[in-house]
Amino acid sequence: MQKIQVKPGAKLQDYKAYGSLYSLVLDFLEQSKEAIASIQGSTIWMINSTAIGGGVAEMLPSQMRILRELGVSIEWLVIEAKDEAFFDLTKRIHNAIHGSGDGKFTPGDREVYEAVNKQNLPKALDLIADGDIVVVHDPQPMPLAAMLKKEKKVPIIWRCHIGLEDDTEVTDAVWKFLSPYTDDYDHFIFSLPAYVPKSLKSKTSIIPPAIDPLSHKNRALQLHKSIGILYQSGVLDNHKAILYHRYNHLVRRIMPDGSFGSPNQNSNLNLIYRPFVTEISRWDRLKGFKELMEAFIKMKKENQAHGDPEGLDYKRIQMTLLVMAGPDPAFVSDDPEGQAVLNELTKAYMALDAEMQNDIAILLLPLDNPKENALIVNALQRASSIIVQNSIQEGFGLTATEGMWKRKPLLVSGAAGLKFQVEHNKTGKINEDPTDIDSLSKTLAYMLNHTKERDKWGFNGQTRVIQHFTLFSQLISWLKVFEEQRLH
């Protein structure tokens, strides 16, 4: 188990300097006073499975910085594992909670699950004291609660960031597999009410995830800064006026032969000179990348077959680029499925004709430097015409929140976490079935060719994020839970 150090970042005065955030900060400071006073003397311990990649690792540093500024003692632990069988199991658990897979788990799976957590227990026992509050995130460290309770008098909360609206045989099976571990938790937190198993409803709070508006992934970028980041990362070529050197690890692109090369090696992306549609996520079948690529191809072919070559709509779709970006799988230790999904996308890409390959960019984003990775994502999102999250299932989907904050129109699937954020025809479009290629293709074309509506959706989206999905509203909810657990 590793203790993660959180670097300095934005302070409360920095958030207050933004007019749109000023009242949020004041409300947060007023509403959090009693809860903060009640947990003095305790340390909050956040435990998850990775410090790089994923929403949990993204949200925790900002939350911790703000709470520490207000005098709260809060620390972050990450479990360590070398057993590939453990990550294979936890990925199957993750997929099963989303209703995917066969839902079959064996006694051998349980042995692997508990053995890895037991290996991480000694460090946790050395650090955690009686009276502290422990928050365990997602399934990977879930068995730790029972082990900790035997040695320490601490309230333990399980925070689940994933879920499915409907009960299925697969979800029933995975919750049955996890049920022996739930008894040792004092409270549960889910992102949406629909995700809560019936057996846990009486001890559950709902806290939707949220973004930090001033993080490197979400902070405002001037045009020259965005272009500079895209050059530093290798996405843009032939850029002369530059303040900073290129990053040590550059973005790579899938080449027509399936190899990895620089983004402009085979054909120049001309990224800042053309409309482009972007989806940025983990390489995961549940993210709907393959379906999005099929819909994009269909849109292009329909346009060529039936569009007016002299018309602006025709030319716009002809020029449009699809960017599908995700992490280099080698950097994500708890996602063994990532490489397989990337291989599937690569195979489909290799089968396309050269012209279509030039209009699709599958990009691998380096993760060696979290700040640089966040800035690359920020710059790509800000340069996009439309941000897509075509998830088959999605617990919440911070990429949607990020896009709305940046005033970008969203095209999302009907997955519960995304429908909770995006308002149809107000902040973007909801294409209910992410596997309906025809509908997805038509929705893409409509959004590309209705530029004024896109501007309206983007403006409304940022307003919605300010009202509901910033870290301040999230922290108020967290502090109330901590206060309740301390009082018990």
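The values are calculated or read from the model by the stated rules, or taken from the named source; none is laboratory data. Only a predicted model underlies this, so the values are computations on that prediction, with no experimental measurement involved. All Cβ positions, even for glycine, are placed from backbone atoms using ideal geometry, and neighbour counts span all protein chains on display.
For this structure, a couple of remarks:
- Helices (runs of 4 or more DSSP H) within segment 254-352 that include 1 or more residues on the phi < 0 side of the Ramachandran plot, of a type in the set (F, W, Y) and buried (at least 22 other Cβ atoms within 10 Å of the Cβ): 289-306
- For segment 83-108, a residue qualifies if it is free of Cβ contacts under 8 Å to residues at least 24 places away in the same chain and either among the acidic types (D, E) or within 22 Å of E165 (Cα to Cα) (or both), and exactly one does: R92.
- In segment 372-425, the residues that are over 22 Å from I52 (Cα atoms), free of Cβ contacts under 8 Å to residues at least 24 places away in the same chain and outside any loop (DSSP other than H, G, I, E, B): K419, H424
- Selection status of R285, over 16 Å from I360 (Cβ atoms) and not aliphatic (A, V, I, L, M): yes
- Among the candidates V481, V412, residue that is assigned by TED's automatic domain parsing to the domain that holds G19 and either touching a strand residue (DSSP E or B) at 6+ places or on another chain (Cβ under 6 Å) or buried (at least 24 other Cβ atoms within 10 Å of the Cβ) (or both): V481
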